[in-house]
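The values are calculated or read from the model by the stated rules, or taken from the named source; none is laboratory data. The shown structure was predicted, so the numbers you read here are calculated from the model rather than taken from an experiment. Cβ placement follows ideal geometry from the backbone for every residue including glycine, while neighbour counts extend to all protein chains displayed.
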Amino acid sequence: MIHTRRYTTSRGELREVMLDDGSTLTLDAGTSIWVALYQGRREVTVQHGQVMFAVSPDAGRPFDVLAGALRVTVVGTRFAVRQTETGLDAGRTVVAVESGRVRVEPLQRGFAGEATFLGAGERVSADAQGRLDEVVQVGAQSVAVWRQGRVSFNDTPLSQALAEFERYGPTGLALGDPAVGQLRLGGTFDLHAAQRFAQALPHLLPVRVQKTAHGIVIGSKR
């Protein structure tokens with residue numbers, strides 16, 4: 001074994017790490033990973049959060065990422081892995097490729113044969129047992145937009161969108177009606193402008209926004 005180390009980020013923190021092999025990892029807010037560099041292989045475990053990987057090519061040392069119930073194997077490429085319990089895709093593991101090609105497979109042997117390959121601009125997610133969904137096209141430019149301080153929603157429940165903003169800091173936003181949280185929206189927004197996002201909601205959804213002494217309450221328009 002050559003090198004082992006844990007890297008973490010706190011709420012709202014973005015961190016770039018360069019490994020001894022030349023690979024660069026960008027950690028999003030609220031992320032924890034464990035890095036182990038061996039003589040014959042490289043391995044990163046994503047315990048929670050999301051990470052953008054720019055892997056230095058080395059055919060003699062494959063680079064594996066373990067996240068949730070999945071293993072992602074590459075030689076040299078740029079891809080992102082997400083494993084969170086709140087916000088977007090809560091409870092699922094998501095892999096998206098910006099450039100190059102990766103192999104994604106369940107760790108659980110019972111799903112043998114379910115391995116899939118992803119190319120640039122492709123994305124796949126899996127449940128907690130490692131069952132893979134269909135591969136979808138997302139566009140390479142939309143991979144890990146959190147690096148630019150943005151978040152993209154696509155038919156996302158409002159409750160999940162609010163939880164995603166909360167990963168980056170206190171928002172002061174609350175739902176006044178649980179049913180409102182099930183309304184779905186799409187678009188790309190500034191991760192660090194949650195209140196501006198709230199003010200835009202009445203133009204996107206049948207909701208009203210009310211300022212209170214404790215923050216902003218989002219309720220039904222009816």
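Taking segment 151-222 and the strands (runs of 3 or more DSSP E) fully enclosed by it, the elements with 1 or more residues that are in contact (Cβ under 8 Å) with a residue 60 or more places away in the chain are at 215-220. Just the residues that are touching a helix residue (DSSP H, G or I) at 6+ places or on another chain (Cβ under 7 Å) and small (Gly, Ala, Ser), please, taken from segment 11-69. Listed by number, the list is empty, since nothing qualifies. Of all residues in segment 83-92, those that are under 17 Å from Ile33 (Cβ atoms) and without any contact (Cβ under 8 Å) to a residue 40 or more places away in the chain total 2. The number of residues in segment 1-26 being assigned to a loop (DSSP other than H, G, I, E, B), under 23 Å from Thr77 (Cβ atoms) and among the hydrophobic types (A, V, I, L, M, F, W, C) comes to 3. Scanning segment 38-82 for residues that are of a type in the set (Gly, Ala, Ser), in contact (Cβ under 8 Å) with a residue 24 or more places away in the chain and over 19 Å from Gln108 (Cβ atoms) gives Gly49, Ala54, Ser56, Gly76, Ala80.
Here Gln148, Gln83, Gln108, Gln129 are screened, and the one residue that is modelled with pLDDT of 95 or more and surrounded by fewer than 14 Cβ atoms within 10 Å (Cβ to Cβ) is Gln148.
Matching residues to (1) more than 19 Å from Phe153 (Cβ to Cβ); (2) in a strand (DSSP E or B); (3) touching a Leu at 6+ places or on another chain (Cβ under 7 Å):
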| residue | (1), (2), (3) |
| --- | --- |
| Ala36 | yes, yes, no |
| Gly60 | yes, no, no |
| Arg82 | no, yes, no |
| Val104 | yes, yes, yes |
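Do the conditions hold for Arg123, that is, is it within 22 Å of Ala29 (Cα to Cα), surrounded by 14 or more Cβ atoms within 10 Å (Cβ to Cβ) and either touching a Lys or Arg at 6+ places or on another chain (Cβ under 7 Å) or not aliphatic (A, V, I, L, M) (or both)? Here the answer is yes, as Arg123 does meet what is asked.
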